[in-house]
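First comes the structure, then the notes that go with it.
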Amino acid sequence: MQMGYCVVSISALLLASLTRSQTVQDSWIAPAGPDFTSTLTVGELYTITWNPNLTDWFASYLSDGSAENVDLWITDYSLHVYAHLIASRENLESISSLSWRVDVPANEVLATNEWVFRWLPEGVDYFSTSEQISSPGFLLVALAYTSTSGFSPVATPAATSSSAFSTSTTAASTSPAATVSQASGASTSNAASTLASTPSSGGLSSGAKAGIAIAAIFGAAFSIGVGWFLARKIGNRPGPAQLPPNISPGYSDAKLGSYQQQPFMTASIPQAQPSELDSRSSGPVPAQELPGHRV
């Protein structure tokens with residue numbers, strides 16, 4: 001009885017393992033399954049790898065395409081809004097890997113961090129077909145640069161979907177938002193690369209610091225020169241005239257050309273004595289001015 005139970009258990013495990021290996025996602029090496037096991041960083045070079053037997057799934061999931069001429073897209077995992085063509089006209093019969101520098105706009109990474117690779121027929125838009133061979137889902141992280149800590153991951157939404165994406169049954173959405181996103185993808189594809197590779201202007205460069213130091217030195221030298229010039233000019237200005245000790249102030253004023261009025265003094269005039277007329281004179285008496293005050 002125990003032997004029979006063991007045989008049944010082993011058979012069930014083998015069957016489950018065989019069934020699990022029957023999915024198209026198991027033919028991918030990088031990104032690896034299950035979903036969201038791998039993490040890609042914006043700006044870094046990533047090598048996408050798959051097993052050669054991936055082409056065996058074309059008959060089931062990509063019947064309109066040829067393994068010798070397909071396009072590779074990166075799309076969001078569950079929103080079906082963001083999609084970007086990253087490689088075209090690839091021959092999967094001759095290659096089993098592809099290197100790609102991760103380049104997704106920062107606003108799309110902030111909207112969702114769950115993404116997936118999809119092989120589509122050559123020249124076919126992602127939003128216009130449901131035929132595709134998809135990879136396991138993976139997480140996408142953008143880096144932001146700060147002057148204190150350098151590059152660090154940007155916060156992204158937590159994974160909200162845990163169910164595997166079925167290539168054979170899920171149809172792509174054709175909403176207007178998706179079409180607008182695809183049309184603007186070419187013009188915004190460099191945003192994430194710029195965010196990852198361009199430092200912020202939080203600190204001064206060495207050239208700016210040197211310029212500030214030189215300007216400070218010239219400013220100090222100019223201030224010292226102006227102060228010395230003013231001090232010398234003030235020192236050469238003549239002071240008030242000094243008088244000799246034996247010269248009176250009045251003399252000094254007269255020498256300098258100023259006029260000083262002397263105080264008024266009243267002169268004493270001697271009193272005139274009356275004179276007697278000479279009666280003996282026969283001629284006319286000459287007039288005589290009476291004495292008076294003279295000023």
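If you stretched the chain out fully between Leu45 and Thr129, how much longer would it get, using 0.36 nm times the residue separation minus the C-alpha to C-alpha distance? Please list the in-between numbers first.
Working: separation 84, 0.36 × 84 = 30.24 nm, distance 2.87 nm.
Roughly 27.4 nm would be gained on extension.
Give me the number: length gained by fully extending Arg232 to Ala111, i.e. 0.36 nm times residue separation minus the C-alpha to C-alpha distance, one decimal in nm.
Values: separation 121, 0.36 × 121 = 43.56 nm, distance 7.17 nm.
Working it through step by step, the gained length comes to 36.4 nm.
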Label points 7 Å out from Cα along the Cβ direction at Asn91 and Thr23: separation in nm? 3.2 nm
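Values in this text are rule-based calculations from the coordinates and carry no lab data. These numbers come from a predicted model, not from an experiment. All Cβ positions, glycine included, derive from the backbone under ideal geometry; neighbour counts span all protein chains shown.
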